[in-house]
């Protein structure tokens, strides 16, 4: 694969909103279609032969069922929301722990608990 074929394939891969199993199969078929033995194609020849990456992805989405696309979008949105909530909870947890450690450090620093040595003298 020359770098123009790789560039075209990367652009197609980038344009997918969600890259699931069906999308990977489609991309693999696209890669096989591009890489059919003609390694000397430049980018313009690939675009002329297959269409621009935007056109290729739009054709895929036009063939796909709209309800399946909505389902995938909802799944990605839910997953993103869960991940953001997890990050917020972790940030709050570690901030609270840092606050507790800082307070403990200040208490230990300000305390006058030095090392005391007691000696007992017996007076007769």
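Does residue 15 satisfy the criteria of being more than 17 Å from residue 2 (Cα to Cα), free of Cβ contacts under 8 Å to residues at least 12 places away in the same chain and under 22 Å from the mean Cα position of the chain (by Cα)? So residue 15 fails the test.
In the range 49-69, the count of residues that are surrounded by 10 or more Cβ atoms within 10 Å (Cβ to Cβ) and either over 30 Å from residue 3 (Cα atoms) or in contact with a strand residue (DSSP E or B) (Cβ under 7 Å, 6 or more places away or on another chain) (or both) is one or more.
When 47, 76, 108 are checked against the criterion of being in contact (Cβ under 8 Å) with a residue 24 or more places away in the chain and more than 23 Å from the chain's Cα centre (by Cα), a single residue qualifies: 47.
Would you check if residue 28 is touching a residue at least 12 places away in the same chain (Cβ under 8 Å) and either in a helix (DSSP H, G or I) or loosely packed, with under 15 Cβ neighbours inside 10 Å (or both)? So residue 28 fails the test.
Only the coordinates and a few stated rules stand behind these numbers; no lab work does. This structure is a prediction, so every number in the text was calculated from the model and none was measured. Glycine also receives a Cβ, built like all others from the backbone with ideal geometry; neighbour counts cover every protein chain displayed.
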